[in-house]
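Take a look at the structure below.
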Amino acid sequence: MESSREVFIVESRLISAAQRGVDAFLEEIVGVIKETVGGELNDVALKHLNGEQITLWGYYVLREELMDGGFVQLIYNGYGPFFFDNPFAKAMRLWGLKDFSKLLYKAKSFYDKYKDELTKPCSDDDFMGLFERFPEFDDLDDSFIEDEEYITDCIAHYVDEHIDQFVTVKTV
């Protein structure tokens with residue numbers, strides 16, 4: 001296994017981002033993590049990151065997918081194995097997000113049940129039909145959207161309290 005790459009961020013950049021709010025703070029950290037490993041969340045990048053960095057970047061992918069098209073889109077776009085066959089939900093629980101973790105475990109149960117149908121290539125019209133065919137995900141999607149700001153805020157606080165797990169802050 002290859003070793004982790006150290007991810008550096010300049011302190012003034014981090015402070016400036018934090019002053020703009022939790023989204024900017026997290027985007028700055030995720031941005032430097034991505035930059036360090038080439039910008040793609042793939043096997044090569046994963047070999048160079050620690051579990052905390054992978055989990056944070058993963059949350060950003062999950063949030064983007066869920067806000068855009070919910071769990072159906074997340075699974076159809078091929079992210080099911082990353083989130084449901086790995087300990088992502090457990091990591092969220094360990095980060096203090098117990099309710100969000102429960103939501104992810106519930107989504108995993110539907111993923112396990114429907115993944116074959118949800119991952120088949122299909123036309124745009126057929127893809128849109130997936131939302132009607134799998135209404136089980138609707139309440140989960142709604143719950144995430146309602147709680148997204150709170151979840152993101154909790155993640156920002158976790159990252160801030162464990163900053164050395166994510167980046168090395170340099171004073172320049």
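Data table
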quantity: Computed over the range 1-58: relative contact order in percent, which uses C-alpha pairs under 8 Å that are six or more apart; calculated: 41
quantity: Surface per residue (accessible, 1.4 Å probe) for the range 42-172, Å²; calculated: 54
quantity: Cα-based shape type of the range 1-87, given that a ≥ b ≥ c are square roots of the gyration tensor eigenvalues and the cut on a/c is 1.5; calculated: oblate
quantity: Residue pairs, from the table Lys34/Lys106; Lys34/Lys113; Lys90/Lys170; Lys34/Lys120; Lys47/Lys170, whose Cα atoms sit over 25 Å apart; calculated: Lys34/Lys106; Lys34/Lys113; Lys90/Lys170; Lys34/Lys120
quantity: Accessible surface, 1.4 Å probe, highest first, among residues Met92, Met128, Met67; calculated: Met128, Met67, Met92
quantity: Radius, Kirkwood style, for the range 18-144 when every pair of distinct Cα atoms is counted (Å); calculated: 15.5
quantity: Label-point gap, in nm, between Glu117 and Lys98 - each point 7 angstrom along Cα→Cβ; calculated: 3.4
quantity: The range 116-172: Rg to Rh, with Rh as the Kirkwood radius over Cα pairs; calculated: 1.27
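The values are calculated or read from the model by the stated rules, or taken from the named source; none is laboratory data. Being a predicted model, the structure only gives us computed values, none of them experimental. Here Cβ is always computed from backbone atoms with ideal geometry, including for glycine, and neighbour counts include all displayed protein chains. Heavy atoms of the whole protein, side chains included, go into the accessibility calculation; ligands, DNA and RNA do not. Shrake-Rupley method; radii C 1.70, N 1.55, O 1.52, S 1.80 Å.
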